[in-house]
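*Asks:* Following this message is one structure expressed as structure tokens.
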Amino acid sequence: LDAVNSERQVLENKLQQLREEAARMGVSGFGARGGMRGGMRGGMAGRGSMTLDKRPRTVVLRNLTREAAEQLGSEMAQFGEVENIDKVEDTNEPPFAYAVKFKARWEAENAMKAAASLENFTGVSLEWGQ
């Protein structure tokens, strides 16, 4: 009985984590049987939706090393289509700062979630740009 209660607690914790993640992504309205009600606040914009998502699509990366700056284009391309990359600060010595503009918001969100965990991107700070 303790093993069942323990497994149930683990599953309830995981469910709570998924609900919190869904809320952060703007997904709401999951019923008891798993059906989805309501909308996805901009979540489908750029994937066929007729909703115009005006939230930022630019991710600013700060504290980049020279190696990370050199790999920036190829590393960011794994998250989606990059429209442009601009140097934020005019400096020739690290740390560097770049603004990466993605074609769609969801691509920028993917970059925000995962970029700091890339091999040469530890210690990099990310923020939304304009």
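*Asks:* State which residue is farthest from GLU75 (Cα to Cα) when the search covers only the range 108-130 and only residues that are hydrophobic (A, V, I, L, M, F, W, C) and in a strand (DSSP E or B).
*Replies:* Selected residue: TRP128.
*Asks:* Within the range 46-59, identify whether any single residue is assigned to a strand (DSSP E or B), open to solvent by 60 Å² or more (accessible area, probe 1.4 Å) and either modelled with pLDDT of 95 or more or closer than 16 Å to LEU118 by Cβ (or both), and answer yes or no.
*Replies:* No, there is no match, as no residue in the range 46-59 is assigned to a strand (DSSP E or B), open to solvent by 60 Å² or more (accessible area, probe 1.4 Å) and either modelled with pLDDT of 95 or more or closer than 16 Å to LEU118 by Cβ (or both).
*Asks:* Ok, one more. Quick check on my filter: what residues within the range 102-123 are in contact with a Gly (Cβ under 8 Å, 6 or more places away or on another chain) and buried (at least 18 other Cβ atoms within 10 Å of the Cβ)?
*Replies:* PHE102, ARG105, TRP106, GLU107, ALA108, ALA111
*Asks:* State all residues of the range 60-82 that are surrounded by fewer than 17 Cβ atoms within 10 Å (Cβ to Cβ) and in contact with a Ser or Thr (Cβ under 9 Å, 6 or more places away or on another chain); if no residue qualifies, say none.
*Replies:* Scanning the range 60-82 gives ARG62, ASN63.
*Asks:* Tell me yes or no: at least one residue of the range 84-92 is in a strand (DSSP E or B), under 19 Å from the mean Cα position of the chain (by Cα) and among the polar types (S, T, N, Q).
*Replies:* Here is the first cut: in the range 84-92, the residues in a strand (DSSP E or B) are 84-87.
Remaining after also requiring under 19 Å from the mean Cα position of the chain (by Cα): 84-85.
Narrowing further to those that are among the polar types (S, T, N, Q): 84.
Within the range 84-92 (the criterion being in a strand (DSSP E or B), under 19 Å from the mean Cα position of the chain (by Cα) and among the polar types (S, T, N, Q)), the answer is yes, since at least one residue qualifies.
The values are calculated or read from the model by the stated rules, or taken from the named source; none is laboratory data. These numbers were taken from a predicted model, which means no experiment stands behind them. Cβ coordinates were reconstructed from backbone atoms using ideal geometry, including for glycine residues, and neighbour counts include every protein chain displayed. With ligands, DNA and RNA removed, areas are computed over all heavy atoms of the protein, side chains included. Shrake-Rupley method; radii C 1.70, N 1.55, O 1.52, S 1.80 Å.
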